[in-house]
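Let me begin by presenting the structure, written as structure tokens, before commenting on it.
Here, each number is a calculation from the coordinates, and none is a lab measurement. The structure presented is a predicted model; accordingly, all values stated were derived computationally and were not measured. FYI the Cβ positions are ideal-geometry reconstructions off the backbone, even for glycines, and counts take in every protein chain you see.
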Amino acid sequence: MSSFDEMCKEAVKRFIRTVAIIDDEATYNPSQEDKDNARTVKPPVTGLMTGSKDADSSMTKGDPIEEGFQDDHDDLSQLDAKVVINAFADIGIACCIQRPENEETPLDRAAKLAATVDVLVIDWALDNENISLPRDIIKKILEEDKNTGGRLRLIVVYTAQSFVDQMIKDLKKDADGVYDNGLDMNEKRFFIKSDYLRIVILNKKSTYPLQI
Amino acid sequence: MLNEALANDESITDVTVALEERADTFKNQIDQYAELAQIGTAVGIVQHEFSSTVKMLHGNIKQLRGWAATNPQLDEIYQNIRTNFEHFDEYMNVFKPFDRRLQRKKIDIPGQEIRYYLQRLFEDRMTRHNITIKATRKFDNAIIRTYPSTIYPCFVNIVDNAIYWITKDAEGIPRLGDGKREIQLDADADGLLVSNSGPGIKRRIADRIFEFRYSQKKNGRGMGLYISREILRREGLDIVLEKRGENVRPIFRIVFRPGKQEKEYYE
């Protein structure tokens, strides 16, 4: 790594002190059984329907094609809070995790939380009943940032879905609504940026391949 | 049926006529299925050949990589071939939900996922024709419980038709004008709605568009809407033309099952 890259990394380290994660599947110290499941589950051979939940348990067993879909990726979607909090603590960053669950004001809570942290990490699949919730949360945060005169802001969206190319366009549209088209989008590396804002989408390790 | 008819004082002749009509309907249906099966077989053969060719091409391109690494002129050509091939390969993969074998259980499919799928599939074509897909939050949040191989081809067919009629007339001649070109996706408690800024569908043909082999397009096969409706009905869903009339914005509705097995959309 060049010395310039190292300097950049050092600057980022000095800046980032707090991280908040919003994930509806965060658990603290999941059971050994969950961990074992998570280890044995393999990503399906096909998988456009990454965000979709199994709706019918009456399926044929033993069919190799079918088996590709049998993996219940709930285990893979779980976020082990303890591991994450400890990992951040080891590099001197305080991390809190919020798990929205049938709350009346998930938007307000998320915005308040985001106001005090340097980095916000948010899961794209937060609520099956309200698919647009992550978009709404991010838009609200941007609006509040703008109302308070702007601030350095990094938002990381993570997802197991393969439609990242489309998600980033949705986020750009929302952000443009707040910042009057003053943002750049990198469609290949899936981020949006301005002088003081960056929103990036990252795929989870368990992401289904594009092949369905 | 015969006993029932006689008990209701219907004549043997009436019953025979009714039975003959039914037999004709079944015969027509068998002919239609035979034709579809023939097309399906042809597609299956093409797909098989195509897969082998893609594998072979993939291997050949891989072999080229070593040469390209030591030859800058070849490297440029290699990169172009690779990029185009990857784009093509990725595009073909988008059609995989059409394959019934890959998904034999019903799943909850959010509207947002259907929109993303359509946007990705038709991206190049819509950019070329300056058409946009707009979806309401209701659509994004709606959830339909079915097989991907049921719902995706249906949406693809409706949107494909919409793009055709927005950009061309029945003869295939491009439409001129700078009017707004858009496809709108919406939802309510009874189903998913697809409308477009193209011409309206005349009342006199509105009921016929779902018939087998009926098409207004020159060289149209007249199978898309028929097949879509057949597949949806098999799963307890349906498709109807909600708004008809020459000067009316056409709206198709994918009708949820009675009793709302789908989840209510989020307000």
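Observations on the structure shown:
- The dipole here belongs to the protein assembly as shown: it is taken about the Cα centre, uses +1 on the Cβ of Lys and Arg and -1 on the Cβ of Asp and Glu, and is about 1380 debye.
- 0 to 90° range, to nearest 10: angle between helix B:12-70 axis and chain B longest Cα axis: 10
- Rounded Å value of the spacing that divides the Cα centres of segment A:1-25 and segment A:158-206: 19
- Virtual spin-label span in nm between B:Asp99 and B:Leu36, 7 Å along Cα→Cβ: 2.1
- Label-point gap, in nm, between B:Ile205 and B:Phe88 - each point 7 angstrom along Cα→Cβ: 3.5
- Estimated vicinal HN-Hα couplings, Hz - segment B:152-160 in sequence order (Karplus 6.51, -1.76, 1.60; Gly, Pro = x): 5, x, 5, 5, 4, 5, 5, 5, 4
- Amide proton proximity set for B:Glu182, modelled H, under 5 Å, gap of 5+: B:Thr132, B:Ser197
- Which listed pairs, of A:Lys139/B:Lys180; A:Lys146/A:Lys172; A:Lys188/B:Lys180; A:Lys188/B:Lys106; A:Lys188/B:Lys168; A:Lys204/B:Lys62, have C-alpha distances above 22 Å, in listed order: A:Lys139/B:Lys180; A:Lys188/B:Lys180; A:Lys188/B:Lys106; A:Lys188/B:Lys168; A:Lys204/B:Lys62
- Rg ratio (alpha-carbon, reference 2.2 N^0.38 Å) - segment B:29-153: 1.41
- Residue-averaged beta-carbon neighbours from other chains (10 angstrom radius) around B:113-120: 5
- Residue order, fewest to most beta carbons within 10 Å, for A:Asp145, B:Asp238: B:Asp238, A:Asp145
- Beta bridges from DSSP with both residues in the protein assembly as shown: antiparallel share about 50 percent, rounded to the nearest 5.
- Derived scalar couplings ³J(HN,Hα) [segment A:84-93; Karplus, 6.51 cos²θ - 1.76 cosθ + 1.60; whole Hz; x for Gly, Pro]: 5, 4, 5, 4, 5, 4, 4, 10, x, 10
- Whole-Å semi-axes of the protein assembly as shown's equivalent ellipsoid (Cα gyration tensor): 46, 28, 26
- Dipole of the protein assembly as shown, positive end: most advanced residue of A:Ile155, B:Tyr78, A:Ile16 [Cβ charges, Cα centre]: B:Tyr78
- A Förster radius of 45 Å, combined with the Cβ-Cβ distance separating B:Val17 from B:Arg125, puts the computed FRET efficiency at roughly 0.35.
- Among B:Pro72, B:Pro148, B:Pro174, the largest mean-square fluctuation in a Gaussian network model of chain B (Cα springs under 10 Å) belongs to B:Pro72.
- Degrees between helix B:111-129 axis and first principal axis of chain B (Cα, 0 to 90, nearest 10): 60
- Cross-link partners of B:Lys243 among aspartates and glutamates (Cα-Cα below 19 Å; sequence separation of 8 or more within a chain): B:Asp160, B:Glu182, B:Asp186, B:Asp188, B:Asp190, B:Asp207, B:Glu211
- Computed from phi, the 3J(HN,Hα) profile of segment B:74-89 under the Karplus parametrisation 6.51, -1.76, 1.60 (θ = phi - 60°) reads 5, 4, 4, 5, 4, 4, 5, 4, 4, 4, 5, 5, 4, 4, 5, 4 Hz, with x in place of Gly and Pro.
- Assuming charge only on the beta carbon of Lys and Arg (+1) and of Asp and Glu (-1), the dipole of segment B:128-250 about its Cα centre is about 320 debye to the nearest 20.
- Residue with peak Gaussian network fluctuation, chain B [Cα springs, cutoff 10 Å], from B:Gln216, B:Gln112, B:Gln47: B:Gln47
- Ranked list, fewest to most other Cβ atoms within 10 Å of each Cβ, for A:Met7, B:Met92, A:Met185: A:Met7, B:Met92, A:Met185
- Each of B:Lys134, A:Lys169, A:Lys188 was scored by other Cβ atoms within 10 Å of its Cβ. Arranged with the fewest first, they read A:Lys188, B:Lys134, A:Lys169.
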